[in-house]
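> The structure that follows is given in the form of structure tokens.
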Amino acid sequence: MNFKNLKLYLLAFITVFSVSQSISQDEANYPFMNYDAPKRFVIREIRMEGIESLNPDVLIISSGMSVGDTIYIPGDYITDATRKLWSQRMFADIKVVVEEDGEYADIVFYLKERPRVYSWKFEGLKKGDVTELTSKLNLGHGTELSEYRINFAIETIKGYLREKSFLNAVVEVIQEPDPEINNGVNITFRVDKGKKVKVGDVTFSGNDTFKDKTLRKALKKTKRKNANIFVSSKFKESQYEEDKENLIDFLNSKGYRNAVIVSDSLYDINDKRIGIHINLEEGNKFYYRNITWLGNSKLSTEELDRILSIKEGDTYDNQTMNKRLGISKDSDPDDYSVMTLYQDDGYLFFQMEPLETVVSADSIDVEIKMVEGRQATINRVILTGNESVNDQVIRRELDVLPGELYNRSLLVSSARRLAMIGHFNPENVNPDFAIISNELVDISFDLEEQPNDQLEISGGWGASTFVGSIGVVLNNFSIQNMFRKGEWRPYPKGDGQQLALHAQSNGTYYSAVSLTFTEPWLGGKKPYSFTVGLYYSNYTNAYYAWQSGSQHFRTLGASVGFGRRLNWPDRNFSLYHELMYQSYNLKDWDSFIISDGTSNIIALKTVFSRNTLGQPIYPRTGSELSVSLTLTPPYSLFDGKDYKSASLSDQSRYKMIEYHKWHFLADWYFPLDARGNLVIRAKAELGFIGSYNKHKPSPFEGYEVGGDGLSGYNLYGVDVIGLRGYGNAALTPNNAYARAYNKYTLELRYPFVLKPSSTIYGLVFAEGGNAFSEVRNIDPFLLKRSLGFGLRVYLPIVGMIGADWGYGFDRAQNGAGRKGEIHFLIGQQF
């Protein structure tokens, strides 16, 4: 007998012996095989006894046994069959009996089914928690009950609650028989969450160099309770584990390369507070000695040393070194680093590994091994997920093209542009690449389209009357498909052109209509935008529908704009020029400086801007900077009129309007947490309008400051500037139009929903600004201040809507203020 067979006999003997010991007295009369020597049998019958809800034929098939099989007993045949039945996790006990009859054997399995759970319930948890835990635990109808499953569920529930700062949660399991299902049970997890636990204090020992206050700052997410309401002190176990690594990273960055956490402990302060104590060992402070490079051919050692900027004697700081190399976990693709330089020149497979050698008690040598590899060329750029947006609309936004070298910075900028054009969910614009060979790579964009056409139905209050508005903005329009059969579904689309139509009216007193068309890629080959616009409005003195107006103020305007993206100073700059004409026709309009006649404005507007926002709806990073200048010809310098003369009629004086108008904007976004959800926004803007001739100031243009920025309609070309906490136009001096304004905004934002179907976020804000009657009166520190909070909801079909409550701390020009104001908005305001 060989050794392998001996093992099988011993295994069969132990298995059957253990089974025989567990058979109940009722089953003791069943005959058992004699295991003194293996015998050959033919299976005559296979029976499954003791089952209540399962199909015996299915179980026989699952066991792998069949009537007519020839087997040896003892042997591994029955052992394998038993193992297969156990693996189904449906039984609490399995016993096997072999009944001999000459050369035949009947195999009998005595099975005890596990109870089946037909109802899983939770008590003491919110509906959202129940939904998430049900998914985590994979609790299905008819699932088998086992001690392992129950224990796993308890630990999962407790772990889930620990991440929500409920450290002392108690989970009780209630098991009840199902009244209708045989062998069925109902399980209820009765949860007592207890109170949320916050960090009351964080203390340290072993820190000879750094104060406790400094070390607490290194814990990015685990903060003790203090007066700062914007810093959470909730204790989360996973965040605490991350923060221990952050603490060591901080000590490493200060030269303490061998710093370790010797021990750490949590202790109860009270039922709502815990304390954390961390025992450190700082070790010696280290300094860099020699840094050498191996394997570099593209860049010289001198160039690499210049990028790394670490000299002999500098304090050891592996965080800074790794960031400059581009291999840090916090590395940004926009950072200037060794990795960026290589991957921006096609070296997709470039690798670096810094090796550190301790050469004395306080000195480190670093050898940086580099494998440059070959330059990778883009084989294909694959687009998926775009159903209504044509491929060329997407590809023209891409800076990565087939046949060109791989460039990581261009790939990142391409993704940013796709997120900004509005056709796709900006949360999911994440390019991927597939390596085809050591010289070829495919780049793919799996896009998720989102509706971005808008229907606007709104109302506003202006000039003591209600004005209704309706507007339609089509952002994926296609002119070339207008006359093609079958393309009107419901309108010709696919080319990313924008068509906007707006109308306003309150009846016979006021009506206005505007039409704007934008082609973002004129000719389809270069990023040159082309915009045309038409505008008409009519004001009368017919306040009621049954009246006929005898006075009017009519405006007719047209504009043509041309824009282009720039490659200098960098690829985020753009330049836009717009030539516009406006005609103001007045008849018996006694409430204005001009009562009769026509005034004309011909102006050229230029906007120089830079935009690095990551997405348009909920930006987390980036900035928007712009300088705008609008100029009319200086007619007063050459038209020969004496504007000093009081006898010059208003109709003659203001036939051709002249001015120069300036606007400056800076808008920044900074993420405050690791996921980039908590965002702070800082914005500053300044505008003013000047004249070439002090005797011919423009009666048109200017600013109204204060309120929600929605005035119902725009009169005399005035720009309406919202400033929360004050009434509409409340900061405009002397009920006239301001010639200058400034405004500063600081917002803290947090998102509740970030999905293509809707984006919802809340905010708190601090705002300040003012309006000035003359440019020379601008005072950046003379501010009307306010604080408040608000909510924003972005719905693709209607755009951004929201509400704010602001409290103004200063008196407005009209004497009002020092009270709360509610503001409603439609569109991207503030």
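The values are calculated or read from the model by the stated rules, or taken from the named source; none is laboratory data. Fair warning: this is a prediction, and the values are worked out from it, not measured in the lab. All Cβ positions, even for glycine, are placed from backbone atoms using ideal geometry, and neighbour counts span all protein chains on display. Accessible surface areas use protein heavy atoms only, side chains included; no ligands, DNA or RNA. Shrake-Rupley method; radii C 1.70, N 1.55, O 1.52, S 1.80 Å.
> Could you look at the range 515-651 and say what percent of its accessible area is carbon and sulfur, using a 1.4 Å probe and all protein chains?
About 59 percent, which is the carbon plus sulfur part of the accessible surface.
> Let me ask another. Ignoring ligands, DNA and RNA, what accessible area per residue does the range 466-610 give at 1.4 Å, in Å²? Could you put the intermediate results ahead of the total?
On the way: 7860 Å² over 145 residues.
Value returned for the range 466-610: 54 Å² of accessible area per residue.
> For the range 755-797, with all protein chains present and a 1.4 Å probe, just round the carbon and sulfur fraction of the accessible area to a whole percent.
65 percent
> Could you tell me whether the chain comes out rounded, prolate or oblate from its Cα gyration tensor? Rule is a ≥ b ≥ c as square roots of the eigenvalues, rounded for a/c under 1.5, then prolate if a/b exceeds b/c, otherwise oblate.
Prolate shape, in that a/c is at least 1.5 and a/b is the bigger ratio.
> Which distance in Å, rounded to a whole number, links the C-alpha centroids of the range 282-333 and the range 145-204?
Centre-to-centre distance over Cα atoms comes out at 49 Å.
> Ordered by packing density, taken as the mean number of other Cβ atoms within 10 Å over each peptide's residues, highest first, how do 654-665, 715-726 rank? Could you put the intermediate results ahead of the total?
Details: 654-665: 18.7, 715-726: 23.3.
Ranked from most to least packed, the peptides come out as 715-726, 654-665.
> Around N428, with a cut-off of 9 angstrom between Cβ atoms, what is the net charge of the other residues, counting Lys and Arg +1 and Asp and Glu -1? Write down the numbers at each step before the final one.
Values: positive: none; negative: E427, D446, E448.
Charge balance near N428 sits at -3.
> Right, another one. Per residue of the range 155-170, in order, report the coupling 6.51 cos²θ - 1.76 cosθ + 1.60 (Karplus, θ = phi - 60°) as ³J(HN,Hα) in whole Hz, putting x for Gly and Pro.
The phi angles translate into 5, 5, 4, 5, x, 4, 6, 4, 5, 9, 6, 8, 7, 10, 5, 10 Hz.
> Net charge near F41, counting Lys/Arg +1 and Asp/Glu -1 over other residues with Cβ under 14 Å of its Cβ?
In short, -4.
> Can you flag which of K525/K683; K223/K755; K158/K198; K158/K225 are past 28 Å Cα-Cα?
K525/K683; K223/K755
> OK, next. Given a 1.4 Å probe, how much area per residue of the range 203-319 is accessible, in Å²?
With all protein chains present, the range 203-319 gives 56 Å² per residue.
> When we measure straight from the Cα of K136, which aspartates and glutamates land under 20 angstrom away, once same-chain ones fewer than 8 places off are left out?
E123, E144, E147, E155, E163, E172, D192, E237
> What net charge do the residues around A105 carry, taking every other residue with its C-beta under 14 Å from that of A105, with Lys and Arg at +1 and Asp and Glu at -1?
Numbers: positive: K39, R40, R44, R47; negative: E45, D69, E99, E100, D101, E103, D106.
Taking every Cβ under 14 Å from that of A105, the sum is -3.
> Tell me whether the range 143-297 comes out rounded, prolate or oblate; compute the Cα gyration tensor, take square roots of the eigenvalues as a ≥ b ≥ c, and use a/c under 1.5 as the rounded threshold.
Cα axes put the range 143-297 in the prolate bin.
> Same structure, new question: Give a quick list of trypsin sites (Lys or Arg not before Pro) in the range 213-315 that DSSP marks as loop, anything other than H, G, I, E or B, with at most 12 other Cβ atoms within 10 Å. Provide the component values of the computation, followed by the final result.
Values: sites: K213, R216, K217, K220, K221, K223, R224, K225, K234, K236, K244, K254, R257, K272, R273, K285, R289, K298, R306, K311; in loops: K220, K221, K223, R224, K225, K236, K254, R257, K272, K285, K298, K311.
For trypsin sites (Lys or Arg not before Pro) across the range 213-315 that sit outside H, G, I, E and B with at most 12 neighbouring Cβ atoms in 10 Å, the list reads K311.
> Accessible surface of M90 in the full protein assembly, 1.4 angstrom probe, to the nearest 10 Å²?
Estimated to the nearest 10 Å², M90 gives 30 Å².
> So, in nm, how far is label S583 from label L748 when the simple model puts each one 7 Å beyond its Cα toward the Cβ?
5.5 nm
> With all protein chains present, how much of the accessible area of the range 122-200 (probe radius 1.4 Å) comes from carbon and sulfur, to the nearest whole percent?
That fraction is 47 percent.
> Still on this structure, I have one more. In square angstrom, what is the accessible area per residue of the range 710-815 with a 1.4 angstrom probe?
Accessible area per residue: 43 Å².
> Turning to a different aspect of this structure: To the nearest Å, what is the center-to-center distance of the range 99-137 and the range 584-605, using C-alpha atoms only?
Each part's Cα centre sits 85 Å from the other's.
> Also: From the square roots a ≥ b ≥ c of the eigenvalues of the alpha-carbon gyration tensor of the range 265-366, which class results: rounded (a/c under 1.5), prolate (a/b over b/c), or oblate?
In terms of gyration-tensor shape, oblate.
> How about the range 473-552: which trypsin sites (Lys or Arg not before Pro) there lie in a loop by DSSP and see at most 11 other Cβ atoms within 10 Å?
Values: sites: R484, K485, K493, K525; in loops: R484, K485, K525.
Sparse-neighbourhood loop trypsin sites (Lys or Arg not before Pro): R484, K485, K525.
> Among the aspartates and glutamates, which fall within straight-line cross-link reach of K311, defined as a Cα-Cα distance under 20 Å, with same-chain neighbours fewer than 8 residues apart omitted?
Qualifying aspartates and glutamates at Cα under 20 Å: E302, E303, E353, E356, D362, D365, E367.
> Please tell me which of these pairs span more than 22 angstrom C-alpha to C-alpha: K193/K236; K220/K323; K39/K112?
Among K193/K236; K220/K323; K39/K112, the Cα-Cα distance tops 22 Å for K39/K112.
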